Amino acid sequence: QPNSVLIEAIVPQVFSLPYKLPVLSPLADAANAWQVDVTVNVHIFASEQFIIQATVTSVSLGPSLISSSCTSVGVLESDTLLSINCSLLIHNATLWWPRGYGAQTMHALTVKVVNGADVLASELLHIGLRSVELLSHDDPLRYTYQVPGVFYPGLGDKIADRPTMFFRVNGVPIFTKGANVIPFEAFRARINNSLITDVLESVILGNMNMLRVWGGGVFKEDYFYQQCNSLGILVWQEMMFACAEYPINVDFLNLAKSEITFQLRRLSRHPSIVLWSGNNEDEVYDDGPGSPYEVLDYETVLYQIIREDSSRPIWPSSPSIGFSFGVTSSGLPLGSTTSPSNFTVGKNNGGSDSHYYNYFKCPDLASFPETNFGSEYGFQSLPWLDNIQPVSTPKDWSLFSEWMEHRQHHPDGNAEIYSLLQKNFADIPDPNSTDVNTFKRIIFLSQLQQVLCLSEETAFYRRGRNMPYRTMGSLYWQLNQNWQAPSWTSMEYGGEWKILHYAMAVAFLPIRITAFVNETTSTIVAHITNDYVQGRGPFTLRVDLLQIAPKAGTASRIPFDSLIVDIVPGLSGLFAWSIEMPDFRGKTTLACPLVTDRK
């Protein structure tokens, strides 16, 4: 029966064993067990009746593939869709890890649809073996480390069920660092593999390990997810609903189901995708059971997701307070694809993520949210002149020109940029001047201001892993741009970096020291965070005073303090140094802690 069967989709679901139970300790290549459920969706064109079956084999897994069994399906009529279910048992195979935690091993499976000895169709499928959990209760991150004489904001916190929100991959808690990604181009036909490669290269150079695919854009190209698999970039994948209340007539709901079915069957093979999320910023429209929001999100979108895949954590929206019913303690959907469970909205007793924007206080430590997971935060800046030059004329080169206001899609965005420039800098140039050097100065200051805002907020979130609210995620808004305009991005249209991208590469270093003024205790405090699994040290922590002579344009370092930090615990951090606020008598403007290794 040549060409009588077409494989439309192969959907693997990877479960660590014991099935859907928490992974309480790190997995290793030599000690793991997996159940992989593979659904083969086929389109039958043959007119005669016969029986088909699937086979799944793997050369790369070798003896790790303990068993493979598939159902048989009878073909009764032509032009029909059928599903064949297979179950694989795998032991002690090489794992897939996020970037920075291990190798990104992919295993090849050969899937064949057969009728007796006849192979009707075949396809090569690549999978990664990894467990993924989204924990929002029973916090395992309580303090166990301290340095004598240093103030610890959360020391003595013994609450076991404190709300939290973090990803655990292969049993390892991951502090997720990254950005939100929007469509790469306004005209999708312009998107190619080279463009995607360039963007993801900047993600890696920026020391990121997660991207959130924003629900107000589009599902990404296959190559994007393939590269995320290879690079170990985790993907928070939203369904394409954002910032609006949607209709709930039958035709629209059926259309939503069809899109989700198609996309999840296309994307479920990618181990980099660690979360399905219902939408972006639509939870504000939730008026309770039976409301249009819950009919669409809970009864349609989320329900359809778990009919296709129950092997990944699920999240109702972003931002959200999560679920009070419908998921396991690991954040996986209750039930299965054939017998899914209903969901109930959270009641503020679990972890949550946050979107935070404050265009009037920046940087302002006291205004930052004590969040479990910062999934959006940002501030705008202007693009470099060479970026906007091809699509503008010299008369457009001022902050409030008609062209700049037209390209600015955030209400009052340019006015907010200028207002904070006045607050944070002296001698601001005339924003209405079209003198090219004046405009370049405005551009530079706007980007510098963006760095001040986001660097401080990112440092606040990274220190938050050792605070009672346990921040475990920092995804800024936004990574990329799809035209030349003022925006929140760290990368320009075309891929050039703003100053922000260089700064975020430092802010996301695996070992990072930050300092802040604690206004409550009138102290300066330094914190070291360590994203590695193992503890690191010893370190010399040196504090210098930076004495600045603005008129002369010079600065000198004055040694102030030094101490040895024996160990910074793995997957954690510590408040390593503090001092009462000294009286610098106006001579110094910055306390600058530095960490060096034992060299």
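Here is how the numbers come out for the structure above:
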item	result
Packing rank of 417-428, 397-408, where each peptide gets the mean count of other beta carbons within 10 Å, highest leading	397-408, 417-428
Long pairs among Lys440/Lys551; Lys395/Lys498; Lys361/Lys498; Lys423/Lys551; Lys112/Lys257, criterion Cα-Cα beyond 25 Å	Lys112/Lys257
Globularity index of the chain, i.e. its alpha-carbon radius of gyration over 2.2 N^0.38 Å	1.06
Residues of the range 149-302: accessible area per residue with a 1.4 Å probe, Å²	36
Area accessible to solvent at Ile127, 1.4 Å probe radius, in Å²	0
Helical mean residue ellipticity (222 nm; -39500 (n - 2.57) per DSSP H run of 4+; nearest 500) of the chain	-5500 deg cm²/dmol
Accessible-area composition of the chain, carbon plus sulfur, in percent [1.4 Å probe]	54
Surface/4 estimate of mean projected area, convex hull on alpha-carbon atoms of the range 348-390, nm²	4.6
Spatial separation of Cα centroids for the range 17-53 and the range 396-439, in angstrom	56
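The values are calculated or read from the model by the stated rules, or taken from the named source; none is laboratory data. Being a predicted model, the structure only gives us computed values, none of them experimental. Because the Cβ atoms are built from the backbone with ideal geometry, glycine has one as well, and the counts that use them run over all protein chains shown. The area values use the complete protein model at the heavy-atom level, side chains included, leaving out ligands, DNA and RNA. Shrake-Rupley method; radii C 1.70, N 1.55, O 1.52, S 1.80 Å.
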